[in-house]
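Asker: I am attaching a structure below and will ask some questions about it afterwards.
The values are calculated or read from the model by the stated rules, or taken from the named source; none is laboratory data. Keep in mind that what you see is a predicted model, and the values were worked out from it rather than measured. Cβ: placed from backbone, ideal geometry, glycine included. Neighbour counts: every protein chain shown. For accessibility, only protein heavy atoms count, side chains too; no ligands or nucleic acids. Shrake-Rupley method; radii C 1.70, N 1.55, O 1.52, S 1.80 Å.
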Amino acid sequence: MATPLQPVRGTRDLIGEEFRRHHAVIEAARRVSALYGFEEWSTPIFEDTRVFSRGLGDTSDVVSKEMYTFTDRGGDSITLRPEATAGLCRALVSNGLAQSNLPRKVFYTGPMFRYERPQKGRYRQFHQIDIEVLGAAEPLADAEVIACGWQVLQELGVAEGVVLEINTLGDTESRDRYRAALVAYFSDHRDALSEDSRMRLEKNPLRILDSKDEGDRRLVAGAPTIGDHLTPEAARFYDSVLAYLGRFGVPFRQNDRIVRGLDYYSHTAFEFVTDRLGAQGTVMGGGRYNGLVEEMGGPSTPSVGWAAGIERLAMLLAAPPAAPRPVAVIPVSEAEEGAALALVQRLRAAGVVTEIAYKGNLKRRMERANKLHARAALILGESEVAQGVVQLRDLDAGTQDSVTLDEAVRRLTA
Ligand code: ATP
Ligand code: MG
């Protein structure tokens, strides 16, 4: 026999309980986001590389080191999307939706791809749920987006032990001032910086705040904070977001070290974090990005959103969602198979999860029903078919009744 093939490093199969956990996260996010007026979109898994990599200024790890980029047979540079936001902004512009009817409130779910070092909670193909309000400059939008995320976490039953950490990155003027302060500070400690961060110092010193290097983190602890560099407008915007969060009843903790992993954020930046997942503690992250749609060739379209890792949320779910328990229909002999199939289809049409074994005698079929953890068995023998009844056995209680087909359907749909 040939050596069995393995999934590619950093990718996983979702089977049984794993899939049900995954699905529960998506369903909760889909339901809750719909309550807030979000509509679901689907965009391609691969895009023109320029959708994600916009010029030399991009210094985030995601774009500079982690992208799955390849040249296709036609010679075009293609990238497997590492995130949803850029593709959604591209779609807004490509579909001519950027000019009117704003804001657009979009829910998204699907696989994302990043060439990272695989570990618990960190994969090369992972999945996100994501919401974006495209085309809203008001702080109420930031707060509503966050409130929606908080409700998703609550409905999943994982909110306990999860904290919202929030920060502002200010407007362009605030950030320019802050940047100068950071350059001054880190230049004084240049020799103690990691090699990566010395590069960041040239290109995007804010990125140093997000460094995972131990030595960098010690320096970051003493670095200037943005608070002292905010313009009055940026400070007012941030205060307003925080006030609205209060109205939505979302608890938060201010953390002036949050900068987020992608370069396009301004004003609000936030993460929902937990200490229950070890190093991979960020379950949901997002913020405001006011220039991205313009970079896709659209008009100025201030926007705000978040993305959450489904794998990390799925790990936090307490009880795995139960698989539905079927009803097993059991013909006593081949002669009753026709009547049994008619009953099977009638039950399925009525919304009852129903199984019929493909073969086997009564005993084998009962064993199969138990293996499937069936809640009831419907047994059809010659005399039952002749009288238009069925033996309904409750497999939990162990009781059995002869009932009409109508009565059987009625009981099983009750
Ligand atoms: P981290 O700091 O954990 O690398 P990030 O800042 O790169 O996260 P985002 O780009 O904001 O993450 O993506 C939003 C969410 O997607 C993260 O909070 C996390 O839950 C999830 N996520 C990101 N990268 C991965 C990955 N490689 N595997 C699994 N989940 C991931
Ligand atoms: Mg990352």
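Asker: Counting only residues that are charged (D, E, K, R) and within 16 Å of ligand 2 (Cβ to nearest atom), how many does segment 42-74 have?
Answerer: Of all residues in segment 42-74, those charged (D, E, K, R) come to 47-48, 50, 54, 58, 61, 65-66, 72-73.
Then keep just the ones that are within 16 Å of ligand 2 (Cβ to nearest atom); that gives 58, 61, 65-66.
Of the residues in that region, 4 qualify.
Asker: A further question follows. Please work out which residue is farthest from the chain's Cα centre (by Cα), limiting yourself to segment 102-122 and to residues that are under 26 Å from Gln151 (Cα atoms) and near ligand 1 (Cβ under 10 Å from one of its atoms).
Answerer: First, pick out the residues of segment 102-122 that are under 26 Å from Gln151 (Cα atoms): 102-112, 120-122.
Within this subset, residues satisfying the condition of being near ligand 1 (Cβ under 10 Å from one of its atoms) are 112, 120-122.
Details: Met112: 10, Lys120: 16, Gly121: 13, Arg122: 13 Å.
Filtering first and then ranking leaves Lys120.
Asker: Okay, moving on. Could you list all residues from segment 260-318 that are among the charged types (D, E, K, R), open to solvent by 20 Å² or more (accessible area, probe 1.4 Å) and assigned to a helix (DSSP H, G or I)?
Answerer: We begin by selecting, within segment 260-318, every residue among the charged types (D, E, K, R); these are 260, 263, 271, 275-276, 288, 294-295, 311-312.
Add one more test, that the residue is open to solvent by 20 Å² or more (accessible area, probe 1.4 Å), and what stays is 260, 263, 271, 275-276, 294-295, 312.
Those that are among the charged types (D, E, K, R), open to solvent by 20 Å² or more (accessible area, probe 1.4 Å) and assigned to a helix (DSSP H, G or I): Glu294, Glu295, Arg312.
Asker: So the check is Cβ under 7 Å with 6+ separation or different chains; which pairs have a first residue in segment 111-127 that's more than 18 Å from Phe70 (Cα to Cα) and a second one that's within 11 Å of ligand 2 (Cβ to nearest atom) and part of a loop (DSSP other than H, G, I, E, B)?
Answerer: Filtered contacts from segment 111-127: Lys120/Gln280; Gly121/Gln280; Arg122/Glu116; Arg122/Gln280.
Asker: If you don't mind, there's one more thing I want to ask. Could you say whether any residue in segment 15-27 is within 18 Å of Trp150 (Cα to Cα) and in contact with a Pro (Cβ under 7 Å, 6 or more places away or on another chain)?
Answerer: Taking every residue of segment 15-27 in turn, at least one turns out to be within 18 Å of Trp150 (Cα to Cα) and in contact with a Pro (Cβ under 7 Å, 6 or more places away or on another chain).
Asker: Okay, moving on. Within segment 276-290, can one find any residue that is away from ligand 2 (no atom under 16 Å from the Cβ) and at pLDDT 95 or above? Spell out how you get there, then give the answer.
Answerer: Start the filter on segment 276-290 by keeping residues that are away from ligand 2 (no atom under 16 Å from the Cβ), which leaves 276, 288-290.
Applying the additional criterion that residues be at pLDDT 95 or above yields 288.
Checking segment 276-290: at least one residue is away from ligand 2 (no atom under 16 Å from the Cβ) and at pLDDT 95 or above.
Asker: Report those strands (runs of 3 or more DSSP E) wholly inside segment 75-189 carrying at least 3 residues which are surrounded by 20 or more Cβ atoms within 10 Å (Cβ to Cβ) and within 16 Å of ligand 2 (Cβ to nearest atom).
Answerer: Hits in segment 75-189: 125-134.
Asker: On to the next question. May I ask you to list the residues in segment 210-238 that are part of a helix (DSSP H, G or I) and at pLDDT below 90?
Answerer: First, the residues of segment 210-238 that are part of a helix (DSSP H, G or I): 210, 214-221, 226-229, 232-238.
Across segment 210-238, the qualifying residue is only Asp210.
Asker: Does segment 68-81 contain any residue that is modelled with pLDDT of 95 or more, among the small types (Gly, Ala, Ser) and on the phi > 0 side of the Ramachandran plot? Walk me through it before giving the result.
Answerer: Initially, segment 68-81 is screened for residues modelled with pLDDT of 95 or more, giving 68-81.
Subsequent filtering for residues that are among the small types (Gly, Ala, Ser) retains 74-75, 77.
Checking which are on the phi > 0 side of the Ramachandran plot leaves us with 75.
Within segment 68-81, one or more residues are modelled with pLDDT of 95 or more, among the small types (Gly, Ala, Ser) and on the phi > 0 side of the Ramachandran plot.
Asker: Answer with yes or no whether Ser53 is surrounded by 13 or more Cβ atoms within 10 Å (Cβ to Cβ) and among the polar types (S, T, N, Q).
Answerer: Judged against the criteria, Ser53 is a match.
Asker: Would you please list the contacts, defined by Cβ atoms under 6 Å and residues six or more apart or on different chains, that run from a residue in segment 369-382 that is over 11 Å from Arg393 (Cβ atoms) to a residue that is of a type in the set (A, V, I, L, M) and assigned to a loop (DSSP other than H, G, I, E, B)?
Answerer: The qualifying pairs are Gly381/Val332.
Asker: Among the residues of segment 319-340, which ones are aliphatic (A, V, I, L, M), more than 36 Å from the chain's Cα centre (by Cα) and open to solvent by 80 Å² or more (accessible area, probe 1.4 Å)?
Answerer: Initially, segment 319-340 is screened for residues aliphatic (A, V, I, L, M), giving 319, 322-323, 327-330, 332, 335, 339-340.
Those left that are additionally more than 36 Å from the chain's Cα centre (by Cα): 329-330, 332, 335, 339-340.
Once the filter is applied, which keeps residues that are aliphatic (A, V, I, L, M), more than 36 Å from the chain's Cα centre (by Cα) and open to solvent by 80 Å² or more (accessible area, probe 1.4 Å), segment 319-340 yields only Ala335.
Asker: Also: Go over the candidates Ile78, Ile129 one by one and state the one that is in contact with a helix residue (DSSP H, G or I) (Cβ under 8 Å, 6 or more places away or on another chain), more than 16 Å from ligand 1 (Cβ to nearest atom) and β-branched (Val, Ile, Thr). Before the answer, list the steps.
Answerer: Values: Ile129 fails: more than 16 Å from ligand 1 (Cβ to nearest atom).
Matching residue, one of Ile78, Ile129: Ile78.
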